[in-house]
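Input: a single structure, listed below in structure tokens.
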Amino acid sequence: MNDIHITEEKACTLSEVIDLVKQTLDRVSEKSVHSELRYSSTDVYWLLHDMLRYVNRNVPGEFILLQTQKGIYRVTYAAEDSAKQKSDRKLKAEVNRTARYLEELTGRKPSWGEKE
């Protein structure tokens, strides 16, 4: 069966879209066995990066392409709530850093600074 069915009036889940992409790439792979065209590692990286960027606009959380070693990458997932918690921690650290700086300048810690 070579048909890829995309029903016009049906919304697809992400897993269904991934299956359709896999089917499409399998067909391309079958036909490109004898192709002389080569892609650099940079081309492959940006293809994956842009694909994840598109996915991230449409799903909660964030998929990140991380380099673990030279030439080795891992796709990690940060849930929406963990990304928010990380952002909150960074903001809190910045507020506390500002409070410490003001304490050094004035000798008094602002009331909004964290108690240690």
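Where a number appears in this text, it was derived from the coordinates with a stated rule and is not lab data. All values derive from a computational prediction rather than experimental measurement. Glycine gets a Cβ as well: all are built from the backbone with ideal geometry, and neighbour counts include every protein chain shown.
Worth pointing out:
- For region 38-106, alpha-carbon Rg relative to the globular expectation (2.2 N^0.38 Å, N residues): 1.65
- Within region 1-46, chymotrypsin sites (Phe, Trp or Tyr not before Pro) in DSSP loop having at most 14 other beta-carbon neighbours inside 10 Å: TYR39
- Stretching the chain fully between ALA79 and LEU25 yields a gain of 16.7 nm (0.36 nm per residue, less the alpha carbon separation).
- Each residue in HIS34, HIS5, HIS49 was given a count of other beta-carbon atoms within 10 angstrom of its own, and listing them fewest first yields HIS34, HIS5, HIS49.
- Only Cα pairs under 8 Å and 6+ residues apart enter the sum, and on that basis the relative contact order of region 38-106 stands at 19 percent.
- Neighbour cut-off at most 11 other Cβ (10 Å), DSSP loop, GluC sites (Glu not before Pro), region 1-99: GLU8, GLU9, GLU36
- Cα centroid separation - region 81-104 against region 14-32, whole Å: 44 Å
- For TYR73, distant residues with modelled amide H under 5 Å away: THR68
- For GLY113, no residue has an amide H sitting under 5 Å from its own, ignoring neighbours fewer than 5 places away on the same chain, with H placed 1.01 Å from N.
- Across the chain, the relative contact order, built from alpha-carbon pairs under 8 Å that are at least six residues apart, equals 11 percent.
- Rounded to the nearest Hz, the phi-derived 3J(HN,Hα) couplings of region 32-38 under the Karplus curve 6.51 cos²θ - 1.76 cosθ + 1.60 (θ = phi - 60°) are 9, 4, 9, 6, 8, 5, 10, where x marks glycine and proline.
- Taking Cα centre as origin and charging only the Cβ of basic (Lys, Arg, +1) and acidic (Asp, Glu, -1) residues, the dipole magnitude of region 1-54 rounds to 180 debye.
- Helix-only arithmetic for the chain: the sum of -39500 (n - 2.57) across DSSP H runs with n ≥ 4, divided by the residue total, places the mean residue ellipticity at 222 nm at -18000 deg cm²/dmol.
- Chain lengthening between SER111 and LEU48 when straightened (0.36 nm per residue, less Cα-Cα): 18.0 nm
- The loop-placed trypsin sites (Lys or Arg not before Pro) in region 36-116, going by DSSP, that have at most 15 neighbouring Cβ atoms within 10 Å of their Cβ come out as ARG38, ARG57, LYS70, ARG108, LYS115.
- Compactness of the chain as Cα Rg over 2.2 N^0.38 Å, two decimals: 1.76
- Close lysine pairs were tallied over the chain: pairs 8 or more places apart or on different chains with Cα atoms under 27 Å apart number 12.
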